[in-house]
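K.L.:
Sharing a structure, written as structure tokens. Questions coming.
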Amino acid sequence: MPAACESVLEDIEDIVSAEDVKPHDRQFVRRNVFPKVRKRNSQKNLQTDDEPPSDSIIPGVQKIWIRTWGCSHNNSDGEYMAGQLAAYGYKITDNSAEADLWLLNSCTVKNPAEDHFRNSIKKAQEEKKKVVLAGCVPQAQPRQEYLKGLSIIGVQQIDRVVEVVEETIKGHSVRLLGQKKDNGKRLGGARLDLPKIRKNPLIEIISINTGCLNACTYCKTKHARGDLASYPIEELVDRAKQSFQEGVCEIWLTSEDTGAYGRDIGTDLPTLLWKLVEVIPEGAMLRLGMTNPPYILEHLEEMAKILNHPRVYAFLHIPVQSASDSVLMDMKREYCVADFKQVVDFLKEKVPGITIATDIICGFPGETDEDFQETMKLVELYRFPSLFINQFYPRPGTPAAKMPQVPAAVKKQRTKDLSQLFHSYNPYDHKIGERQRVLVTEESFDSNYYVAHNPFYEQVLVPKDPLLMGKMVEVNIYEAGKHFMKGQPVSDARVHTASISRPLAKGEVSGLTEEFRRSPQNGTNWKAQPSAEIPVKTRLSSWMALQLPWQQEGGGLKILSVSLALLAVLVVFYYGGMKTEL
């Protein structure tokens, strides 16, 4: 990269003075700006109106490939970034080779995920692609050597992804890593009503809060997501309503710890859930995300009532991590094994058939053979149908990385032993012959079935009948495997259409307002036309006149402001020098 393009600004807003033109002013100034079309005399260089010149840096004409690793929170962030970029005119592509820019949205939970991220950066550079980095890895450690000189969009700055992409395409390196605050109080993150492209048009992922209240010694995500910051209930309910109006039939609530929701804003998780239940239409379902034991303990009675609701999956993900109290203490998990058992036993009694999923770390520093055997006994006792087994990886910068480590061979063997125990039982054999109500939402990985879930969020494979997609149907279970059941639709059963409107097409942008759907110059319908089909002249004039609606209040980062700021400095310097000479 040329030296002139290497200047890295932690936040370009910092060099814009109070006297500079404001975003609101620029919006109206640009209505009177008309770009002059450069004529090319050479037949070789002739371009059609619908194709930009090969050296064009006009925003919104490039193709972008987005890759996301990690949790559902990260996936939601990726959907929001894709939606904003597509709404602005960029073409989101599934083909990395044809993309002009790669947006890599990372996960910092385990070493392998970061290794994949690092390798993708290297590959992008080898293929001469522009690169923008996002997610927890660069947020937690932005000064790592392999991130040097690359643009970064912070986890709380995803509403500014268009600006960062625009500057990166022009050859600049931009880093926005700040926190969202209101009167000094940290917010949950970017607005929930931003445009997005759902990976699955039938499923809406809603982040109810970011960060957590814990300080687990092995966790790197805390360095990126920080302390707890919750979204207000009314904003979350509005987002759910909007999703149902766009054809969504299943909502996932996600965060680093859903159980801690609201503690920073004077409310709690059950209060939020009861409000959400009120707006769920018939045939649609709500799935609750991961919650740690300490916070769910305080709301067991209310949580049992909510999980018994017909429009809420009787499913809860409660990570135990270890069944040894001494290991839990070293992890700083803030609960003991008895607390976990109390939660599981209570919910199993009050919510018949509930699915409890959990996580276990094998080979945490200081874990003895006796500690590990306690964990094996816990799995034998509860026979969890969904168990996430993780070999311990020391993450740089965490307290656990400095502790005496369990030998690699021992960690590997314990992971293998626990995996063998998990695969020794079949949790669904006893359900063969049952008649179940399921919601069909996606296609299986092998493309041979549609995937549905019963009221306990257990996976049921059904025939690939397009009429079933997005519907709630009744099936007879005729086969069971380790991770799934197979069901045949009952011919005389009632079919519920959960969606209150037609689902968006795959790749269609959600959440666009009429203000943005139509170009201010000539009424071009941005939603209906893919970016590649919008004539370049139209796109350029629209860009000159248009400020992103979701940035009008906060003030967007635009190169015009930066140019004016730098020009002002140069003018002062120049005239100051002239006065000195005189």
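The values are calculated or read from the model by the stated rules, or taken from the named source; none is laboratory data. Just so you know, these numbers come straight off a predicted model, no measurement behind them. Positions of Cβ are backbone-derived with ideal geometry, glycine not excepted, and every protein chain shown enters the neighbour counts. Calculation scope for accessible area: heavy atoms of the full protein, side chains included, ligands and nucleic acids excluded. Shrake-Rupley method; radii C 1.70, N 1.55, O 1.52, S 1.80 Å.
K.L.:
Of the residues Gly283, Gly247, Gly262, only one is under 23 Å from Gly184 (Cβ atoms), open to solvent by less than 20 Å² (accessible area, probe 1.4 Å) and in contact (Cβ under 8 Å) with a residue 24 or more places away in the chain; which?
P.N.:
After ruling out the rest, the residue left standing is Gly262.
K.L.:
Can you name every residue in segment 289-348 that is farther than 18 Å from Ile208 by Cβ, in contact (Cβ under 8 Å) with a residue 60 or more places away in the chain and within 28 Å of the chain's Cα centre (by Cα)?
P.N.:
Pro310, Ala314, Met331, Lys332, Arg333, Glu334
K.L.:
Taking the options Leu194, Leu236, Leu253, Leu228, name whichever one is open to solvent by 10 Å² or more (accessible area, probe 1.4 Å) and in the same structural domain as Thr291 (by the TED database).
P.N.:
The conditions single out Leu228.
K.L.:
Could you grab me the full set of residues in segment 334-349 that are open to solvent by less than 80 Å² (accessible area, probe 1.4 Å) and outside any helix (DSSP H, G or I)?
P.N.:
Hits for segment 334-349 are Tyr335, Cys336.
K.L.:
Filter segment 391-413 for residues that are modelled with pLDDT of 95 or more and either more than 21 Å from Lys332 (Cβ to Cβ) or open to solvent by 60 Å² or more (accessible area, probe 1.4 Å) (or both) and give the result.
P.N.:
Hits for segment 391-413 are Pro399, Lys402, Pro404, Gln405, Pro407, Ala408, Ala409, Val410, Lys412, Gln413.
K.L.:
Hey, another quick one. Of the numbered conditions (1) modelled with pLDDT of 95 or more; (2) among the charged types (D, E, K, R); (3) surrounded by fewer than 16 Cβ atoms within 10 Å (Cβ to Cβ), Asp330 satisfies every one except a single condition; which is it?
P.N.:
Looking at each condition in turn, Asp330 falls short on (3).
K.L.:
Could I ask something else about it? Going through segment 94-105 one residue at a time, which ones are open to solvent by 10 Å² or more (accessible area, probe 1.4 Å) and among the polar types (S, T, N, Q)?
P.N.:
Of everything in segment 94-105, those that are open to solvent by 10 Å² or more (accessible area, probe 1.4 Å) and among the polar types (S, T, N, Q) turn out to be Asn95, Ser96.
K.L.:
Considering only segment 154-169, I want to know if a residue exists there that is at pLDDT below 95 and either in a strand (DSSP E or B) or open to solvent by 40 Å² or more (accessible area, probe 1.4 Å) (or both).
P.N.:
Among the residues of segment 154-169, not one is at pLDDT below 95 and either in a strand (DSSP E or B) or open to solvent by 40 Å² or more (accessible area, probe 1.4 Å) (or both), which makes the answer no.
K.L.:
What's the total number of residues in segment 118-134 that are part of a strand (DSSP E or B) and either surrounded by fewer than 16 Cβ atoms within 10 Å (Cβ to Cβ) or charged (D, E, K, R) (or both)?
P.N.:
Residues flagged as part of a strand (DSSP E or B) and either surrounded by fewer than 16 Cβ atoms within 10 Å (Cβ to Cβ) or charged (D, E, K, R) (or both) within segment 118-134 amount to 1.
K.L.:
I'm checking my understanding of the structure. Among residues of segment 476-504 that are hydrophobic (A, V, I, L, M, F, W, C) and open to solvent by 50 Å² or more (accessible area, probe 1.4 Å), which one is modelled with the lowest pLDDT?
P.N.:
My answer is Ile500.
K.L.:
Can you find even one residue in segment 120-139 that is touching a residue at least 60 places away in the same chain (Cβ under 8 Å) and hydrophobic (A, V, I, L, M, F, W, C)?
P.N.:
Taking every residue of segment 120-139 in turn, at least one turns out to be touching a residue at least 60 places away in the same chain (Cβ under 8 Å) and hydrophobic (A, V, I, L, M, F, W, C).
K.L.:
Which number in (1) at negative phi; (2) open to solvent by 30 Å² or more (accessible area, probe 1.4 Å) marks the one condition that Ser447 misses?
P.N.:
(1)
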